[in-house]
Amino acid sequence: MVKEDEARDKALELFLKIGLDERTAKNTVANNKVTANLTAVIHEASVTDGCDKSIGNLLYSVATKYPANALVHRPTLLEYIVSSKIKTTAQLDAAFSFFSDTGSESFKIHEFEEACGVGVEVSVEDIKQTVSGIFEERKSSILEQRYRTNVGELFGHVRKMLPWADQKIVKQIIDTKMYELLGERTAADNEKPAKKKEKPVKVEEKKVAVVAAPQPSEEELNPFKDFPQPEDNFKVHTEIFFSDDRVLRCCNSREMLNKHLTVTGGKVFTRFPPEPNGYLHIGHAKAMFVSFGLAKERSGCCYLRFDDTNPEAEKKEYIDHIKEIVDWMGWKPFKITYASDYFQELYDLAVELIKRGHAYVDHQTPDEIKEYREKKMNSPWRDRPIAESLKLFEDMRRGLIEEGKATLRMKQDMQSDNFNMYDLIAYRIKFTPHPHAGDKWCVYPSYDYAHCIVDCLENITHSLCTLEFETRRASYYWLLHALDLYQPYVWEYSRLNVTNTIMSKRKLNLLVTKKFVDGWDDPRLMTLAGLRRRGVTSTSINAFVRGIGITRSDGSTIRLDRLEYHIREELNKTAPRTMVVLYPLKVVITNLDAGSVMDLEAKKWPDAHIDAAAIYQVPFSKTVYIEQSDFRMKDSKDYYGLAPGKTVMLRYAFPIKCTNVILADDKETIVEIHAEYDPSKKTKPKGVLHWVAETSHGVDPLQVEVRLFDKLFLSENPAELGKDWLDDLNPHSKIVVPSAYAVPSLGEAKVGDRFQFERLGYFVVDEDSTSEKLVFNRTVTLRDSYGKGGK
């Protein structure tokens, strides 16, 4: 921690030297990526001792805006900035545009200078004359609109005529000219223009909100539009800075790229590479959408590759689950592969890495490795002879060295600013049979070693992963470069976090093993198995993922409401309506004969026509049941339920009026209600209740079990609670209603069938259902706070 603080202080001092104001410098230091970029730019420009503020501001823009596909040309641009040949933001923006189009290709210097206005001098007098001419042309309009004049348009006209003028000077002259023409601002200038009364803004907005569906964004229509084509993967888009001032600019040679394109036919190849050490959660749904989705959109191929490099953690149960979930999510792998399929190739390449002097056998313990990394110290065995490492690595493979006594480490850069370049472990000894490869191996590759090489062996064009792997990008490319292997295009995106839940595999495993939840498919979990059991569809999950996008944002937590919005959107169209009463209250219809049963028609869909497929039958008899919460002893204006002397409408049936209330001996508990129904339906009450009736006199309605699920955690971000995260579990996240009443038609429901229980929410038939009793899980309530707030 002390070293991190020292590094920040050192960076802050450097940034202040180039003229950044203190606030900007401190904000920059808080962002590791911008800090690394700006530090590299300052060293590359050779201004570590400081420079003029105007130059420093331009260098800051280079660090934050320079096109990543043309890093090879950045030194050229910096020379032009430091020498003041490029000295305005307009010139710099033109340079960014020029290099973005050029990429890593060579260019003609005169074309670059012409495109950036190098050597073009725009004097203050030139700007004054141009501004005066523009004001003269628009004088009457400016006098009429005064300080409400659109100054941006005036700027635009000046920029069009003098593209290389200093914009700060332009602004000063325009402001001065406005003051000369108009004088001091008046109170009228500061008043907001009155809104036109004839324009019914609120009414129109309400109409749009109710009627018009939200227009999908450009990213929702095609979230993959910004990914490069395979044939463009010769451009530099990553730089690795070494502690000895070397810079590795990662890219493929034309020859290597052409060889790759010959094998792939120019197609996009991606991979979804889960570790088979647990159940997939909703974050993996985003990963699938990105990798499978890009391949599908580009008519390419996506591997399902199991990253099974750790034999102690993998289980066949997890492998089978992942295959099943990938299929359920609607994705079809090009091939199903395993990292272990390539163990021989990986071993052979490790031998080659040693021969090239880029790897060594190390005998440090895990604690010693940790200590040396913290101190940025080389291992005592780092410079051992190549022949010695080759022999020891062979001994490791043959099982002649004890587990924990040796590892193979990559010889990277122990003094780097990136801790993922601290001689990462490539191989370790584990005398454990592998679930897929058997007992052939006792040395196993690490993720950091195997992942990038297998990407290359499978000719992956786009290696896509979440942002926490961004610091591993240097190691990824270092290794492929060291072995002269094809380098896929690496791109990281923000991981998906959802409120009121946790995503950590370790914490999920604890919840399951300690019985805080009922297994990996507990409907309260954000595992995909849990969501499926809850009744969530794969299509609504994919719609949710598409809606949030796949950008490199900060990965801020997405509200659960947003997922529920997409779930409701689909179930509203696909789940037929029916009626269930959770907590029944008996209502006796006193003016109906005991043996009388009427079969009434109810709609499965709110806008259904009279069609047999869209209608189901509900019996109406002398005894019906309503929700206990739909009756009160005292009525009020804002209450639409039943009360003594009050009339309500029974959905699809008749109005009923409460005539009497039967209380228990405690004179508080309501036993039953007596009511009269209006067969003529002349009464038009406001309140409409759902209900269920006896199918025949004295026979209870169909009994079902209903499980009401809610948020698993009370806090939006339980991960922030540290060790106390388990104390945040919601004690009411699962409520079981063992004896709810349902209409008879529900008795034919099968496991997986989804319904809307009117006024209650969306439900699905659970796999715990038996022939004697159906069990329903609540998928989501009818409430939609996200839809009201905007998509």
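The values are calculated or read from the model by the stated rules, or taken from the named source; none is laboratory data. Owing to the predicted nature of the structure, the values given are computational and were not obtained by experimental measurement. Reconstructed Cβ throughout: ideal geometry from the backbone, glycine too, with neighbour counts over all protein chains shown. For the accessible areas, the whole protein counts, side chains as well, though only heavy atoms, and no ligand, DNA or RNA atoms are used. Shrake-Rupley method; radii C 1.70, N 1.55, O 1.52, S 1.80 Å.
Free of Cβ contacts under 8 Å to residues at least 40 places away in the same chain, surrounded by fewer than 21 Cβ atoms within 10 Å (Cβ to Cβ), hydrophobic (A, V, I, L, M, F, W, C) and out of contact with any Leu (no Cβ under 9 Å at 6 or more places or on another chain): which single residue out of ALA313, ALA295 fits that description?
Details: ALA295 fails: surrounded by fewer than 21 Cβ atoms within 10 Å (Cβ to Cβ).
One residue alone meets the criteria, ALA313.
Residues in segment 45-54 that are closer than 22 Å to ILE240 by Cβ and either at pLDDT below 90 or surrounded by 22 or more Cβ atoms within 10 Å (Cβ to Cβ) (or both): how many?
Adding up the residues that qualify gives 1.
Within the group PRO685, PRO655, PRO644, which residue is more than 13 Å from ILE589 (Cα to Cα), at pLDDT 95 or above and surrounded by 11 or more Cβ atoms within 10 Å (Cβ to Cβ)?
Working: PRO685 fails: at pLDDT 95 or above; PRO655 fails: more than 13 Å from ILE589 (Cα to Cα).
Unique residue meeting the criteria: PRO644.
Closer than 29 Å to ARG577 by Cα, at pLDDT 95 or above and in contact with a Lys or Arg (Cβ under 6 Å, 6 or more places away or on another chain): which single residue out of GLU627, GLU676 fits that description?
GLU676
Return the total of residues in segment 585-633 being among the hydrophobic types (A, V, I, L, M, F, W, C) and without any contact (Cβ under 8 Å) to a residue 24 or more places away in the chain.
If we filter segment 585-633 for residues that are among the hydrophobic types (A, V, I, L, M, F, W, C), which is where we start, we get 585, 587-589, 592, 594, 597-598, 600, 602, 605, 608, 610, 612-615, 618, 620, 624, 626, 631, 633.
Filter once more, so that each one left must be without any contact (Cβ under 8 Å) to a residue 24 or more places away in the chain: 598, 608, 610, 612-615.
So the answer is 7.
Quick test of your reading of the structure: THR130 fulfils all but one of (1) free of Cβ contacts under 8 Å to residues at least 40 places away in the same chain; (2) over 25 Å from SER84 (Cα atoms); (3) in contact with a helix residue (DSSP H, G or I) (Cβ under 6 Å, 6 or more places away or on another chain). Name the failing condition by number.
(2)
Only one of GLU324, GLU371 is surrounded by 13 or more Cβ atoms within 10 Å (Cβ to Cβ) and part of a helix (DSSP H, G or I); which?
On the way: GLU371 fails: surrounded by 13 or more Cβ atoms within 10 Å (Cβ to Cβ).
None of the others qualify; the one that does is GLU324.
Take TRP491 and tell me if it is open to solvent by 10 Å² or more (accessible area, probe 1.4 Å) and either farther than 30 Å from LEU257 by Cβ or at pLDDT 95 or above (or both).
Values: open to solvent by 10 Å² or more (accessible area, probe 1.4 Å): yes; either farther than 30 Å from LEU257 by Cβ or at pLDDT 95 or above (or both): no.
Answer is no for this residue.
Quick check: is even one residue across segment 472-480 within 23 Å of the chain's Cα centre (by Cα) and in contact (Cβ under 8 Å) with a residue 40 or more places away in the chain? Don't jump to the end; show me each part of the working.
Of segment 472-480, the ones within 23 Å of the chain's Cα centre (by Cα) are 472-473.
Okay, now just the ones that are also in contact (Cβ under 8 Å) with a residue 40 or more places away in the chain, so 472-473.
Within segment 472-480, one or more residues are within 23 Å of the chain's Cα centre (by Cα) and in contact (Cβ under 8 Å) with a residue 40 or more places away in the chain.
Among the residues that make up segment 271-288, is at least one of them among the charged types (D, E, K, R) and in contact with a Pro (Cβ under 7 Å, 6 or more places away or on another chain)?
Initial filter on segment 271-288 (among the charged types (D, E, K, R)): 271, 275, 286.
Next, from what is left, pick out any that are in contact with a Pro (Cβ under 7 Å, 6 or more places away or on another chain): none.
Checked segment 271-288: no residue is among the charged types (D, E, K, R) and in contact with a Pro (Cβ under 7 Å, 6 or more places away or on another chain).
Here is a check on your reading of the model: is LEU714 in contact with a helix residue (DSSP H, G or I) (Cβ under 8 Å, 6 or more places away or on another chain) and either without any contact (Cβ under 8 Å) to a residue 24 or more places away in the chain or of a type outside the set (Lys, Arg) (or both)?
In short, yes.
Residues of segment 332-350 being of a type outside the set (Val, Ile, Thr) and either more than 17 Å from PRO276 (Cβ to Cβ) or open to solvent by 40 Å² or more (accessible area, probe 1.4 Å) (or both), which ones? Steps first, answer last, please.
At the first step, the residues of segment 332-350 found to be of a type outside the set (Val, Ile, Thr) are 332-335, 338-350.
Across segment 332-350, the qualifying residues are LYS332, PRO333, PHE334, LYS335, ASP341, GLN344, GLU345, LEU346, TYR347, ASP348, LEU349, ALA350.
Only one of LEU467, LEU483 is among the aliphatic types (A, V, I, L, M), in contact (Cβ under 8 Å) with a residue 12 or more places away in the chain, open to solvent by 30 Å² or more (accessible area, probe 1.4 Å) and not assigned by the TED database to the domain that holds GLN364. Can you tell me which? Don't jump to the end; show me each part of the working.
Details: LEU483 fails: open to solvent by 30 Å² or more (accessible area, probe 1.4 Å).
Testing whether each residue is among the aliphatic types (A, V, I, L, M), in contact (Cβ under 8 Å) with a residue 12 or more places away in the chain, open to solvent by 30 Å² or more (accessible area, probe 1.4 Å) and not assigned by the TED database to the domain that holds GLN364 leaves just LEU467.
Would you pick out the residues in segment 704-720 that are open to solvent by 70 Å² or more (accessible area, probe 1.4 Å) and of a type outside the set (D, E, K, R)?
Matches in segment 704-720: LEU714 only.
When you check TYR318 against the structure, is it touching a residue at least 24 places away in the same chain (Cβ under 8 Å) and part of a helix (DSSP H, G or I), yes or no?
Working: touching a residue at least 24 places away in the same chain (Cβ under 8 Å): yes; part of a helix (DSSP H, G or I): yes.
So TYR318 fits the description; yes.
Starting from residues that are farther than 19 Å from LEU714 by Cα and assigned to a helix (DSSP H, G or I), keep the ones in segment 506-530 and report whichever is most open to solvent (accessible area, probe 1.4 Å). Give the derivation first.
Let us first name the residues in segment 506-530 that are farther than 19 Å from LEU714 by Cα, namely 506, 509, 513-514, 519-521, 528-529.
Within this subset, residues satisfying the condition of being assigned to a helix (DSSP H, G or I) are 506, 509, 513, 528-529.
Working: ARG506: 159, ASN509: 65, THR513: 81, LEU528: 0, ALA529: 9 Å².
That would be ARG506.
For segment 434-460, enumerate the residues that are crowded, with 21+ Cβ neighbours inside 10 Å, outside any strand (DSSP E or B) and aliphatic (A, V, I, L, M).
ALA450, ILE453, VAL454, ILE460
Working only within segment 400-429, note down all residues that are open to solvent by 30 Å² or more (accessible area, probe 1.4 Å) and either over 23 Å from VAL247 (Cα atoms) or at pLDDT 95 or above (or both). Spell out how you get there, then give the answer.
Residues of segment 400-429 that are open to solvent by 30 Å² or more (accessible area, probe 1.4 Å), as a first pass: 400, 402-405, 411, 415, 417-419, 425, 428.
Within segment 400-429, LEU400, GLU402, GLU403, GLY404, LYS405, LYS411, ILE425, ARG428 qualify.
When both residues are 6+ apart or on different chains and their Cβ atoms are under 9 Å apart, which pairs have a first residue that lies in segment 752-770 and is over 15 Å from TYR616 (Cβ atoms) and open to solvent by less than 30 Å² (accessible area, probe 1.4 Å), and a second that is assigned to a loop (DSSP other than H, G, I, E, B) and of a type in the set (Asp, Glu)?
These pairs meet every condition: VAL764/ASP753; VAL765/ASP753.
Out of ASN37, ASN69, ASN27, ASN57, which single residue is surrounded by fewer than 16 Cβ atoms within 10 Å (Cβ to Cβ) and at negative phi? Spell out how you get there, then give the answer.
Working: ASN37 fails: surrounded by fewer than 16 Cβ atoms within 10 Å (Cβ to Cβ); ASN69 fails: surrounded by fewer than 16 Cβ atoms within 10 Å (Cβ to Cβ); ASN57 fails: surrounded by fewer than 16 Cβ atoms within 10 Å (Cβ to Cβ).
Just a single option satisfies the conditions, and that option is ASN27.
Of the residues that sit in segment 72-98 and are more than 12 Å from ALA115 (Cβ to Cβ) and of a type in the set (D, E, K, R), which one is surrounded by the most Cβ atoms within 10 Å (Cβ to Cβ)?
Selected residue: ARG74.
Restricting attention to segment 540-557, does a residue exist that is open to solvent by 20 Å² or more (accessible area, probe 1.4 Å), among the acidic types (Asp, Glu) and in a helix (DSSP H, G or I)? Give the derivation first.
Within segment 540-557, the first condition is being open to solvent by 20 Å² or more (accessible area, probe 1.4 Å), and the residues that meet it are 542-543, 546, 548, 551-554, 556-557.
Then keep just the ones that are among the acidic types (Asp, Glu); that gives 554.
Still in the list and also in a helix (DSSP H, G or I): none.
Checked against the condition, which is being open to solvent by 20 Å² or more (accessible area, probe 1.4 Å), among the acidic types (Asp, Glu) and in a helix (DSSP H, G or I), segment 540-557 yields no hits at all.
Is segment 484-501 home to any residue that is within 24 Å of GLU368 (Cα to Cα) and not aromatic (Phe, Trp, Tyr)?
First pass over segment 484-501, keeping only residues within 24 Å of GLU368 (Cα to Cα): none.
Within segment 484-501, none of the residues are within 24 Å of GLU368 (Cα to Cα) and not aromatic (Phe, Trp, Tyr).
All but one of (1) within 43 Å of the chain's Cα centre (by Cα); (2) without any contact (Cβ under 8 Å) to a residue 60 or more places away in the chain hold for ASP175; which doesn't?
Condition (1) is where ASP175 drops out.
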